[in-house]
Amino acid sequence: MESPATIAHYKAGMVLSGVGDALGYQWEFEYSGPCIHQAVQKLGGLKNISVSLPGFPVSDDTVLHLATAEALITGKEGEELLHEVAFHYKEGMKDMSGRAPGAASICGVDQLKPGTKGGYRIAYNKTTGGCGAAMRAMCIGLRYPRPEQLSSLVAVAIETGRMTHTHPTGFLGGVASALFAAYAIQRRPITTWGLGLVKEACPIAEEFVRTAGYAVPETERDWGYFTEKWEWYLELRGLSSGNGPVVFPEAYGPVERDAAYKSFSWSGWGGSSGHDAPMIALDALLAAGSDWEELMNRAGFHGGDSDSTAVIACCCWGLMYGMNGVPKCNYANLEYKDRLENCAEKLYALSH
C-alpha cells in the first residue's frame, strides 16, 4: 500500500464511493445488521452482487458528491468556486427521484442563490447536524491532498458543507470526510487519522469560522459536541495518542456493531450525523485492512445510515488499495461510473 496514490487509486476512490453508496442504500432503511447480512448471503454474497440499475441505484449521497466534484474540476477557487458548487447542488437536487435526500439538504439547497452576492450562504439552523455534508466531501481531499493544503481543504469543506449543514456537527463531518480522503492519498497510518482530525484540522476549522465572520456566536455555542464525541471515540479504540494498537471488543459481529454504532450516534441511528458517519467509516477501515468484503460488512451492512458510512469508507479504501480484490460485478455497471471516473481523472490532474 505504500506506493503513492496514482490516477488508478483516484478512480477507485471515486467509483467505489458510488459502489458503497448503492450497496448501503439498498438496505438503508433496514435497521438490523444481521438481517442485512442474511439478505446479502441470499444474493450469493457480496462477490456475486451486480451493482447496477435498476436494482442498485446510487442515492443522494453520490449525486451530491458528484455535484461537489464537478464543481471542483472547473479549477475555480475562492468565492467563484463556492458559487459553482451552489449551482451544482441546485442541479443535483433535480436528480433525486427515488434517492431519499435528507431534509437539511433539500431545505438548504432551496435557499442557495448562486451568482448573487453571498448566495452560497444560508441562515444558521441548529437542527442541521446530519451527515449530508460528510457524505459529499471526500472529493475535496482529492483536490487538496497535500499536508500543506490543509487550510484550503478545511475552508472549502466548511463553506460547501454550510450550504446545507450550518451546525458544526454537520459541516465538520465534511471536514472529516475530506481530511480522511487526503490522509488516504498521503498514505498516513490509519491509526493517526482521528487524532489528526481533532488536533490538526478542528483548530484550523475553528479559526476559519471566526475569521469568515458568518454565524460565529451560534457556531461557537454548538461547537463542543463534535470534538468531544471524537475524543471519546479515540479513547474507546485506544487511539488517543495515535499509535494504537486499536482496541476492538472481543465480540464485534453484526449484532455488536449495531449496538456500538448506536452508541456513537446522536439520536440512535448510527452514521446519520456529521460526527458519526466518518467515525463508523474509520472504524470499518481500521478493522478491515485491505479486505474489501470485510470493509463492506462493517461500513455498508449495518442497521444505521449505511449508505452514508459506506460512501466515505469505500472512497478512502479505494484511494489506498485501488480495485484490489473487488469483484468486477460490484462496479463494472455502476450508475454514473463514467462521471465518477471523469471527476477522478480531472481531480488527479488538478492536484498535481
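Could you check Thr219 against (1) hydroxyl-bearing (Ser, Thr, Tyr); (2) out of contact with any Pro (no Cβ under 6 Å at 6 or more places or on another chain); (3) in a helix (DSSP H, G or I) and say which number it fails?
Condition not satisfied by Thr219: (2).
Could you look through the stretch 286-309, keep only residues that are of a type in the set (Gly, Ala, Ser) and touching a Lys or Arg at 6+ places or on another chain (Cβ under 9 Å), and pick out the one that is nearest to Thr192 (Cα to Cα)? Spell out how you get there, then give the answer.
Within the stretch 286-309, the subset of a type in the set (Gly, Ala, Ser) is 287-290, 299-300, 303-304, 306, 308.
Going one step further and asking which of them are touching a Lys or Arg at 6+ places or on another chain (Cβ under 9 Å), we end up with 287-288, 303-304.
Working: Ala287: 14, Ala288: 16, Gly303: 27, Gly304: 25 Å.
Only one residue tops the list, namely Ala287.
For residues in the stretch 275-304 being of a type outside the set (Gly, Ala, Ser) and in contact with a Ser or Thr (Cβ under 8 Å, 6 or more places away or on another chain), which is farthest from Pro245 (Cα to Cα)?
By that ranking, first place goes to His302.
Among the residues of the stretch 131-166, what is the count of those that are in contact with a Ser or Thr (Cβ under 9 Å, 6 or more places away or on another chain) and of a type in the set (Ser, Thr, Tyr)?
4
Specify the residue that is surrounded by the most Cβ atoms within 10 Å (Cβ to Cβ); the eligible residues are those in the stretch 234-250 that are in a helix (DSSP H, G or I) and either free of Cβ contacts under 8 Å to residues at least 12 places away in the same chain or of a type in the set (Val, Ile, Thr) (or both).
Here is the first cut: in the stretch 234-250, the residues in a helix (DSSP H, G or I) are 234-236.
Okay, now just the ones that are also either free of Cβ contacts under 8 Å to residues at least 12 places away in the same chain or of a type in the set (Val, Ile, Thr) (or both), so 235-236.
On the way: Glu235: 11, Leu236: 16.
Only one residue tops the list, namely Leu236.
Give the residue that is farthest from Leu16 (Cα to Cα), with candidates limited to residues of the stretch 56-107 that are part of a helix (DSSP H, G or I) and of a type in the set (S, T, N, Q).
Ser105
Are any of the residues in the stretch 95-108 among the small types (Gly, Ala, Ser) and over 24 Å from Pro57 (Cβ atoms)? Reasoning before the result, please.
Start the filter on the stretch 95-108 by keeping residues that are among the small types (Gly, Ala, Ser), which leaves 97-98, 100, 102-105, 108.
Pick out the ones that are also over 24 Å from Pro57 (Cβ atoms) and you get none.
No, the stretch 95-108 contains no residue that is among the small types (Gly, Ala, Ser) and over 24 Å from Pro57 (Cβ atoms).
Just name the residue that is surrounded by the fewest Cβ atoms within 10 Å (Cβ to Cβ) out of those in the stretch 187-233 that are polar (S, T, N, Q) and touching a residue at least 60 places away in the same chain (Cβ under 8 Å).
For the stretch 187-233, the residue satisfying everything is Thr191.
From the residues in the stretch 67-122 that are among the basic types (Lys, Arg) and without any contact (Cβ under 8 Å) to a residue 40 or more places away in the chain, which one is nearest to Ala134 (Cα to Cα)? Reasoning before the result, please.
Restricting attention to the stretch 67-122, the residues satisfying the condition of being among the basic types (Lys, Arg) are 76, 90, 94, 99, 113, 117, 121.
Still in the running and without any contact (Cβ under 8 Å) to a residue 40 or more places away in the chain: 76, 90, 94, 113, 117.
Values: Lys76: 22, Lys90: 18, Lys94: 20, Lys113: 22, Lys117: 26 Å.
Per the criteria, the residue is Lys90.
Within the stretch 88-116, count every residue that is under 21 Å from Leu53 (Cα atoms), more than 20 Å from the chain's Cα centre (by Cα) and not basic (Lys, Arg).
Total meeting the criteria: 2.
Quick one: which helices (runs of 4 or more DSSP H) sit completely within the stretch 251-340 and have at least 3 residues that are free of Cβ contacts under 8 Å to residues at least 12 places away in the same chain and more than 20 Å from Gly132 (Cβ to Cβ)?
Working: elements: 254-264, 276-288, 292-299, 306-321.
In the stretch 251-340, 254-264 are the helices (runs of 4 or more DSSP H) which contain 3 or more residues that are free of Cβ contacts under 8 Å to residues at least 12 places away in the same chain and more than 20 Å from Gly132 (Cβ to Cβ).
Can you pull out every residue in the stretch 127-156 that is charged (D, E, K, R), within 26 Å of Ala310 (Cα to Cα) and surrounded by fewer than 19 Cβ atoms within 10 Å (Cβ to Cβ)? I'd like the intermediate steps shown before the answer.
Initial filter on the stretch 127-156 (charged (D, E, K, R)): 136, 143, 146, 148.
Next, from what is left, pick out any that are within 26 Å of Ala310 (Cα to Cα): 136, 143, 146.
If the condition is that a residue be charged (D, E, K, R), within 26 Å of Ala310 (Cα to Cα) and surrounded by fewer than 19 Cβ atoms within 10 Å (Cβ to Cβ), then Arg146 is the only one that fits.
Every number in this text was worked out from the coordinates using simple rules, so none of it is lab data. Quick caveat: nothing in here was measured; it's all calculated off a predicted structure. Using ideal geometry, Cβ is built from the backbone for each residue, glycine included, and neighbour counts are taken over all protein chains shown.
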